[in-house]
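The values are calculated or read from the model by the stated rules, or taken from the named source; none is laboratory data. Please read all numbers here as calculations on a predicted model, not as lab measurements. No Cβ is skipped: glycine too gets one built from the backbone with ideal geometry, and neighbour counts run over all protein chains shown. Protein only, heavy atoms only, side chains kept; ligands, DNA and RNA dropped before computing areas. Shrake-Rupley method; radii C 1.70, N 1.55, O 1.52, S 1.80 Å.
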Amino acid sequence: MQNLFFLLILFLIVIFSVLLYLKSKTSRLEKLLTGECPSCGQKAKVFFDEKTKTTFKSEIIKSRTVQNHGCSGVNDVEFICDSCGLKEVHSTNLLPTSCDS
């Protein structure tokens with residue numbers, strides 16, 4: 001009976017830790033896609049020129065496609081923070097591709 005109780009608790013701990021890991025990973029990806037660094041918290045800088053009435057935006061997060069798996073596949077995208085040097089690779093299909101109509 002003690003072994004069964006221990007295995008049940010161990011199983012629940014494993015399930016919750018996997019769910020916590022997936023939630024953390026998706027929240028980091030959402031922050032990167034919005035232009036905020038999840039490590040240092042820097043956001044894009046916005047400048048406004050009074051003379052020309054123009055708004056300039058300096059992005060902190062740079063992204064590049066590492067591997068493209070075609071029109072129906074996901075893209076492996078590398079996100080790089082200019083402020084702290086954070087590099088992360090995520091698989092996402094949220095970025096536009098040349099196959100979109």
Residue 89 is checked against (1) open to solvent by 60 Å² or more (accessible area, probe 1.4 Å); (2) assigned to a strand (DSSP E or B); (3) at pLDDT below 90 and fails just one. What number does that condition carry? (3)
Within segment 47-60, residues open to solvent by less than 70 Å² (accessible area, probe 1.4 Å) and free of Cβ contacts under 8 Å to residues at least 24 places away in the same chain come out as 49, 54, 58
Could you pull out every one of the strands (runs of 3 or more DSSP E) wholly within segment 18-79 that has 1 or more residues that are farther than 17 Å from residue 92 by Cα and modelled with pLDDT of 85 or more? 45-49, 54-58
Tell me yes or no: at least one residue of segment 21-40 is more than 19 Å from the chain's Cα centre (by Cα) and free of Cβ contacts under 8 Å to residues at least 60 places away in the same chain. no
For segment 33-46, what are the residues that are crowded, with 16+ Cβ neighbours inside 10 Å and either under 11 Å from residue 86 (Cα atoms) or hydroxyl-bearing (Ser, Thr, Tyr) (or both)? 37, 38
Do we find a residue being closer than 26 Å to residue 93 by Cβ and open to solvent by less than 100 Å² (accessible area, probe 1.4 Å) anywhere in segment 5-12? no
